[in-house]
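The values are calculated or read from the model by the stated rules, or taken from the named source; none is laboratory data. Please read these numbers as outputs of a predicted model, since none were measured by experiment. Heads up, the Cβs are rebuilt from the backbone with ideal geometry, glycines too, and the neighbour counts pull from every protein chain shown. Areas reflect the complete protein model, heavy atoms only, side chains present, ligands, DNA and RNA absent. Shrake-Rupley method; radii C 1.70, N 1.55, O 1.52, S 1.80 Å.
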Amino acid sequence: MSIQKLIRPTIKALKPYSSARDEFQGNSDDMVFLDANENPFENGVNRYPDPQQRSVKSLLSEIKNIPENNILLGNGSDEVLDLIFRAFCEPNQDNIITLPPTYGMYSVLANINAVEIKSVQLDDNFQPKVDEILKVSNDNSKLLFLCSPNNPTGNSFEAKSIEELIKKFQGIVVIDEAYIDFSNEESWISKLSEFPNLIVTQTLSKAYGMAGIRLGICYASSEIISVLNRIKPPYNVNELTQQRAIQQLKLNDLTKKQVEDILTERKNLINQLNTVSYISKIYPTDANFVLVEVDDATKRYNQLIEKGIVIRNRTTQPGCKNCLRLTVGTTFENKQLIKVMKEI
Ligand SMILES: *Cc1c(COP(=O)(O)O)cnc(C)c1O
């Protein structure tokens, strides 16, 4: 498969902006920097950040065991996903495929970029309907979004379905692994060299506990990464975000411990949810949240709000009638949730 053929002509022809920090990179301790019109008085953030975020990538490269030139960072996954749209989808011509119920940003970004959305609903077990997906795709289908573990359902997609889709879909397959660190499934980043049309996105917003700094990660072939690098805003990840990410990624054992704690809490929470009378179904989860079916989702949602507990009502999502999505919190928060759920 030729990735070059999938790239928008405009993007291929683009001459990227070259920033001061792109043109010269040196050891900042012994150089005099008069190239970027910065204020010279040091305050920790008076200099432009590293446009290639090399220190962050170097840590991620070690943790995830993947070369740095297979990594692109963005201002949250949202920016990363938007860059993918802009690289591959010609407005008013191309289309993408999403599999509802799933993360809402794929459709929002498609709409922003004037790209048609083809939806193929997940089956009754919230698994992709492989044949149907391949049937609705055409020459203009540039992106297929697989969110695994999926939000809001919580389950992972079967590896053999994912692999078949990567092999047979004639565009780029984007696997959104925002919740992969909570899952027993292996990340698809180990398969990047096998599949040139594969992009995997992850984030520091969930397991890594840094939703506030906005750092999204894209893993792909160096060919795809270099295309995305051409179109990303030069300083898309700010200095404070880079510093905080470096600090936290060095504490990777702490992250692992927190993920284990959350998984223990998830198990306890599910046990307790089983004893709530109006919960009719608890869906299997591979993420840090649980989807449950109740008697009347909107009523229960409002009752919980009254008692100061905010969850997500997913009842309007396809296949999620009367479903609520509950994030796993601390032991104390989960106890509160169960206590209030039993009171109402
Ligand atoms: C939370 C979430 C993200 C994270 O987005 P950020 O912009 O990185 O915070 C991405 N994908 C899915 C499916 C999510 O649920």
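Here are some notes:
- Taken together, the criteria place Ile71 among residues that are under 27 Å from Arg244 (Cα atoms) and assigned by TED's automatic domain parsing to the domain that holds Leu122.
- Here Glu194, Glu132 are screened, and the one residue that is modelled with pLDDT of 95 or more, part of a helix (DSSP H, G or I), more than 14 Å from the chain's Cα centre (by Cα) and more than 17 Å from Phe88 (Cα to Cα) is Glu132.
- Restricting the first member to the stretch 211-224 and to residues that are free of Cβ contacts under 8 Å to residues at least 60 places away in the same chain, and the second to residues that are open to solvent by 30 Å² or more (accessible area, probe 1.4 Å), the beta-carbon pairs closer than 6 Å and six or more apart or on different chains are Ile213/Arg244.
- Filtering the stretch 5-15 to residues that are open to solvent by less than 90 Å² (accessible area, probe 1.4 Å) and closer than 13 Å to Arg230 by Cβ leaves Ile7, Arg8, Thr10, Ile11, Ala13, Leu14.
- Unmet criterion (only one of (1) surrounded by 13 or more Cβ atoms within 10 Å (Cβ to Cβ); (2) free of Cβ contacts under 8 Å to residues at least 60 places away in the same chain; (3) hydroxyl-bearing (Ser, Thr, Tyr)) for Ser55: (2)
- Flag for Phe332 being open to solvent by 80 Å² or more (accessible area, probe 1.4 Å) and not assigned by TED's automatic domain parsing to the domain that holds Leu60: yes
- Residues (under 22 Å from Ala207 (Cβ atoms) and in a loop (DSSP other than H, G, I, E, B)) located in the stretch 285-335: Thr285, Asp286, Ala287, Asn288, Val310, Ile311, Arg314, Val328, Gly329, Thr330
- Enumeration of residues in the stretch 185-216 that are out of contact with any Gly (no Cβ under 6 Å at 6 or more places or on another chain), within 13 Å of the ligand (Cβ to nearest atom) and over 13 Å from Val173 (Cα atoms): Gln202, Leu204, Ser205, Lys206, Ala207, Tyr208, Gly209, Met210, Ala211, Gly212, Ile213, Leu215
- Residues in the stretch 135-174 that are assigned to a loop (DSSP other than H, G, I, E, B) and within 16 Å of the ligand (Cβ to nearest atom): Ser148, Pro149, Asn150, Asn151, Pro152, Thr153, Gly154, Asn155, Ser156, Phe157.
- Screening Gln242 with (1) within 12 Å of the ligand (Cβ to nearest atom); (2) within 17 Å of Glu68 (Cα to Cα) gives one miss only, at (1).
- Test: residue in the stretch 116-123 that is within 25 Å of Ile225 (Cβ to Cβ) and either in a strand (DSSP E or B) or hydrophobic (A, V, I, L, M, F, W, C) (or both): no
- The C-beta contact set for the stretch 190-203 (first residue assigned by TED's automatic domain parsing to the domain that holds Ser221, second residue among the acidic types (Asp, Glu) and within 16 Å of the ligand (Cβ to nearest atom), distance under 7 angstrom, 6+ apart or interchain) comprises Val200/Glu177; Thr201/Asp176; Thr201/Glu177; Gln202/Glu177.
- Members of the stretch 248-305 found to be among the charged types (D, E, K, R) and under 19 Å from the mean Cα position of the chain (by Cα), listed by number: Lys256, Asp286
- All positions within the stretch 129-147 that are open to solvent by less than 10 Å² (accessible area, probe 1.4 Å) and within 24 Å of Ser187 (Cα to Cα): Ile133, Leu143, Leu144, Phe145, Leu146, Cys147
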